[in-house]
1. For Cα pairs less than 8 Å apart in space and 6+ apart in sequence, what is the mean separation divided by the residue count of the chain, i.e. the relative contact order in percent?
2. Report the accessible area of residue 69, computed with a 1.4 Å probe over the heavy atoms of all protein chains in place, in Å² rounded to the nearest 10.
3. Roughly how many Å² of residue 150 are accessible to a 1.4 Å probe, to the nearest 10?
4. Just check segment 7-126 against the gyration tensor rule for me: Cα atoms, a ≥ b ≥ c as the square roots of the eigenvalues, rounded for a/c under 1.5, and otherwise prolate or oblate depending on whether a/b exceeds b/c.
5. Take the alpha-carbon centre of segment 169-196, take the same for segment 115-146, and report the distance between them in whole Å.
6. Rounded to the nearest whole Å², what accessible area per residue is found for the chain with the 1.4 Å probe?
7. Label residue 6 and residue 256 with points 7 Å out from Cα along Cα→Cβ: what is the distance between them in nm?
8. Hey, if you put +1 on the Cβ of every Lys and Arg and -1 on every Asp and Glu Cβ in the chain, which of 151, 111, 15 ends up farthest toward the positive end of that dipole?
Amino acid sequence: MTQGRNQITAWLLLLPAVVLLAAFTHVPAVMTLFNSFYNTPRGVRPAKFVGIGHYTDMLSDPVFLAALKNNAIYAIGTVPVAIGLAMLMALIVNSSIRGKAMLRMSFFLPTILPMIAVANIWLFFYTPGYGLIDRFLGMFGFAERNWLGDGSTALGSLMVLAVWKEAGFFMIFYLAALQQISPSLGEAAALEGAGRWYFFRRVTFPLLMPTTLFVLINAIINSFRLIDHVIVMTRGGPDNASTLLLYYIYQTAFRFWDTGYAAALTMVLLALLALLAFVQFGILDRRVHYK
């Protein structure tokens with residue numbers, strides 16, 4: 001009897017979270033999948049079933065293909081760099097270096113700044129002629145450059161901003177993981193004559209793998225949900241050189257008002273994230289040791 005009451009109490013405690021999760025995650029996902037098979041209603045014209053028409057249209061949509069390519073480049077370029085930099089910063093502030101409290105604050109400061117504010121700050125940095133970057137490079141004889149207006153540098157400029165903002169956030173997780181490692185491991189390694197690099201490669205890094213897996217999943221998700229910086233800084237230009245998937249979905253749904261096609265694009269994005277999550281948990285999780 002007591003066990004039954006405990007189970008009822010547990011389910012009642014979980015009920016608010018389950019309702020919110022279903023209302024704002026699962027039900028919208030199912031409705032998006034349903035809408036992706038219909039065209040967009042116009043005025044008195046109701047939505048009509050088009051099957052997989054939206055999905056086949058993507059294969060010949062140059063903007064979608066460009067956004068997919070840009071997002072792949074963006075993820076490959078930002079995720080490893082942000083994770084590596086976060087791990088390095090965590091190792092620095094976890095050491096006995098002087099002024100590490102100030103270093104922790106300076107490393108974490110970009111994280112607490114609003115995304116729109118950060119975009120406007122870097123918009124000034126990238127301004128041709130009198131921006132901070134051109135001013136600095138001009139001291140060494142480099143010519144002015146329109147960093148956000150050049151198709152060859154627009155996406156890279158967004159990637160630099162993303163790494164600068166996200167590395168400090170990921171550093172917190174690595175710092176917490178490093179502080180959980182017993183100092184006796186380092187003392188034993190020192191007695192055995194192991195160097196710092198050997199100790200990091202053989203002891204520290206394997207113990208950080210659970211944190212690395214967690215950070216990697218969040219970093220990949222963040223790389224596919226970026227939209228604020230694109231809207232403020234480039235609006236996908238020039239010539240879709242910096243258009244990312246979520247920004248293209250936003251444009252399609254709220255600028256061109258093609259909700260059916262936007263729903264299909266959203267399902268492709270969700271399927272891509274699910275595939276990446278499966279690969280991470282199915283392959284990388286085997287290399288993670290939690291004890």
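1. Result for the chain is 28 percent.
2. Its heavy atoms expose roughly 130 Å² to the probe.
3. The accessible area of residue 150 comes to roughly 50 Å².
4. oblate
5. Distance between centres, Cα-based: 39 Å.
6. 61 Å²
7. For residue 6 paired with residue 256, the spin-label model returns 5.7 nm.
8. Farthest towards the positive pole: 15.
The values are calculated or read from the model by the stated rules, or taken from the named source; none is laboratory data. A quick note: this is a predicted structure, and the numbers were derived from the prediction, not measured. Every residue, glycine as well, gets a Cβ built from its backbone with ideal geometry; the counts of neighbours run over all protein chains shown. With ligands, DNA and RNA removed, areas are computed over all heavy atoms of the protein, side chains included. Shrake-Rupley method; radii C 1.70, N 1.55, O 1.52, S 1.80 Å.
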